[in-house]
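Input: a single structure, listed below in structure tokens.
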Amino acid sequence: MDKRILLIIGGGIAAYKSLFLIRVLARRGIKTRVILTKGGSEFVTALSVGGLSGEKVFTDLFDLTDEAEMGHIELSRNADLVVVAPATADLIAKAAHGIANDLATTTLQATDKRVLYVPAMNVRMWDSAPTQRNVKTLIDDGQYFLGPDEGEMACGEFGPGRMAEPDNIADKIESLLRGDTSLDGLRGPKPLAGKHALITAGPTREAIDPVRYLSNRSSGKQGYAIAAALGRLGAKVTLVSGPVAIDPPSCAELIRVESARDMLQACENALPADIFVAVAAVADWRTDSSADVKIKKDASGIPALKLVENPDILKTLSQAQSRPDLVIGFAAETNDVISHARAKLGRKGCDWIVANDVSGDVMGGDHNSMIVVTETGEDSFPRLTKADAARRLAEKIAEHFS
Ligand code: CTP
């Protein structure tokens, strides 16, 4: 990856980890230019930082030589991402309030790039109301935070306060440089804030009598993962779910239903929505009438079930007057996956069809290989866990709205 970051090293014992970070990034082909704050230089030296980064280390705003070589404005723009590690309570507070009284804080205010803060401080300082207020301000301003990790700290206390490990920071830096922002442990802007996402998930159950029903093997895992991923990106999520045995994501409003007709009703009640993702394996048919009492295996012999078609929820919402802006269906196929999916796109009137080959272990399993089929093309995801596939799809949805 041919990218450059600007690393601001604040004053904290964790500054030594930033030396490792520079090495890890270099191994991944990412160049690092460093601003070493006055506090940071109490813990690591400009000599060791420069030796590892292979570049001049910047320290003082009022150094005429530095300004002549590269002004602080240029320094702040001449990187693909700015990383503050360790981010101290002081640096976070100054950045949140626009205080710019040294090279690091001036650069933070002048930059037009995204900033990733990697905090390290005493647990009480981290938990304190001012720090939490400042962190929220910076996140609301569009900046990112990673950590702090929980554990025993140099000061002897235990709790959240340890700086994230260099490999983890480097992973997140790489992802942010790729534009992927919905990462575990990373807090930051919510691109889907203000959007309402409606998801159907799981199977439906079509009653034959009070104790018997027709259904299918859907586990609900993929739909629940998509609901969680959209919630993590800031969407308000309504999850309309058939009977499943998994826990719902905490960020979603869960509406439990049994039959296809109940599912349709619940979806219509939940409108308006900006995004509709139909993941449910809706039973295509139901019996034309369900018995009020248990059918007995008596003289009338083996009952013949007459099936009638269920309403198509995806098609109905695609054609609804208050149609969501983005309607996505799923196509569970066992052969000719893309051509069947493309035909389904037209038939259902949705914007995207997520095709998946269910001939293997998809139904009920933990992995999925999705192909997002749109009017204009196909986007194939590799085989991923259902959680990762959901994240990729949620990112793609966020991109659509950006
Ligand atoms: N779907 C729906 N309501 C139905 C049936 C399906 O909302 N009554 C949605 C599913 O949630 C999925 C998409 O439609 O998003 C595709 O469903 P699928 O059963 O794979 O396709 P069908 O149209 O039923 O076609 P076929 O069974 O012939 O493949």
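The values are calculated or read from the model by the stated rules, or taken from the named source; none is laboratory data. Owing to the predicted nature of the structure, the values given are computational and were not obtained by experimental measurement. Positions of Cβ are generated from backbone atoms using ideal geometry, with glycine treated the same way; all protein chains shown enter the neighbour counts. Protein only, heavy atoms only, side chains kept; ligands, DNA and RNA dropped before computing areas. Shrake-Rupley method; radii C 1.70, N 1.55, O 1.52, S 1.80 Å.
A simple rule links phi to the HN-Hα coupling: the Karplus curve 6.51 cos²θ - 1.76 cosθ + 1.60 with θ = phi - 60°, which for the stretch 329-339 gives x, 10, 10, 8, 10, 10, 8, 6, 3, 6, 5 Hz, with x for Gly and Pro.
Leaving out ligands, DNA and RNA, what percent of the accessible area of the stretch 3-185 is carbon and sulfur, probe 1.4 Å?
Working: 4110 of 8040 Å².
Summing carbon and sulfur atoms, their accessible area is 51 percent of the total for the stretch 3-185.
Estimated from helical segments only, the mean residue ellipticity of the chain at 222 nm is -10000 deg cm²/dmol, where each DSSP H run of four or more residues counts as -39500 (n - 2.57). Residues whose amide H falls under 5 Å from that of residue 354, counting only those 5 or more places apart or on a different chain, are 329, 330, 331, 373, with hydrogens built in the peptide plane.
Sequence-distant or interchain residues sharing an amide H contact under 5 Å with residue 122, placed H: which? HN-HN under 5 Å from residue 122: empty list.
Among the listed pairs 195/344; 221/396; 17/56, those whose Cα-Cα separation exceeds 22 Å are 195/344. Explain nothing, just the number: dipole magnitude of the stretch 224-364 about its Cα centre with +1 on each Lys and Arg Cβ and -1 on each Asp and Glu Cβ, in debye rounded to the nearest 20. Roughly 180 debye, rounded to the nearest 20. Label positions at residue 293 and residue 375, each projected 7 Å from the Cα along the C-beta direction, are separated by 5.7 nm. Every Cα-Cα pair of the stretch 252-383 was included, and the share exceeding 21 Å stands at 52 percent.
For residue 325 and residue 212, a Förster radius of 45 Å and the Cβ-Cβ distance give a FRET efficiency of 0.65, rounded to the nearest 0.05. Extension gain for residue 97 to residue 128 (0.36 nm times residue separation, less C-alpha to C-alpha distance): 9.5 nm. Based on Cα contacts under 8 Å between residues 6+ apart, the chain shows a relative contact order of 11 percent. Among 230, 239, 214, the residue with the largest mean-square fluctuation in a Gaussian network model of the chain, with springs joining Cα atoms closer than 10 Å, is 214.
Once you have a ≥ b ≥ c as the square roots of the Cα gyration tensor eigenvalues for the chain, tell me rounded if a/c is under 1.5, and otherwise prolate or oblate according to whether a/b is larger than b/c. Note, shape of the chain comes out prolate. Sequentially through the stretch 264-278, phi angles give Karplus couplings (6.51, -1.76, 1.60; θ = phi - 60°) of 4, 4, 5, 5, 5, 5, 7, 5, x, 9, 8, 10, 10, 10, 8 Hz, Gly and Pro residues having no value and appearing as x.
With a cut-off of at most 12 other beta carbons within 10 Å, and DSSP calling the residue loop, which trypsin sites (Lys or Arg not before Pro) in the stretch 208-307 qualify? Please list them. Kindly include the intermediate steps, with their values, before the conclusion.
Details: sites: 212, 217, 221, 232, 236, 256, 261, 286, 294, 296, 297, 306; in loops: 212, 217, 294, 296, 297, 306.
Hits after loop and neighbour filter: 217, 294, 296, 297, 306.
Each peptide in 32-38, 344-350, 320-326 was scored by the mean count of other Cβ atoms within 10 Å over its residues; highest first, the order is 32-38, 344-350, 320-326.
What's the longest piece of the chain with no exposed GluC sites (Glu not before Pro), counting a site as exposed if DSSP puts it in a loop and it has at most 13 other beta carbons within 10 Å? Maximal segment without exposed cleavage sites: 158-374.
Mind checking the per residue accessible area of the chain for me, 1.4 Å probe, whole number of Å²? Intermediate results must be reported in sequence, preceding the final value.
Details: 18970 Å² over 402 residues.
For the chain, the per-residue accessible area is 47 Å².
Mind running the shape call on the stretch 14-121? Use the C-alpha gyration tensor, a ≥ b ≥ c as the square roots of the eigenvalues: rounded below 1.5 for a/c, prolate if a/b tops b/c, oblate otherwise. Rounded shape, in that the Cα axes give a/c under 1.5.
Between residue 16 and residue 56, the distance separating the two model label sites (each 7 Å from Cα on the Cα→Cβ line) works out to 3.0 nm.
The slack in the chain from residue 113 to residue 150, taken as 0.36 nm per residue of separation less the alpha-carbon distance, amounts to 10.5 nm. Please work out whether the stretch 3-185 counts as rounded, prolate or oblate from its C-alpha gyration tensor, where a ≥ b ≥ c are the square roots of the eigenvalues and a/c under 1.5 means rounded, while otherwise a/b larger than b/c means prolate and anything else oblate? Note, shape of the stretch 3-185 comes out rounded. Extension gain for residue 165 to residue 308 (0.36 nm times residue separation, less C-alpha to C-alpha distance): 45.7 nm.
DSSP bridge analysis restricted to the stretch 190-401 gives an antiparallel fraction near 35%, rounded to the nearest 5.
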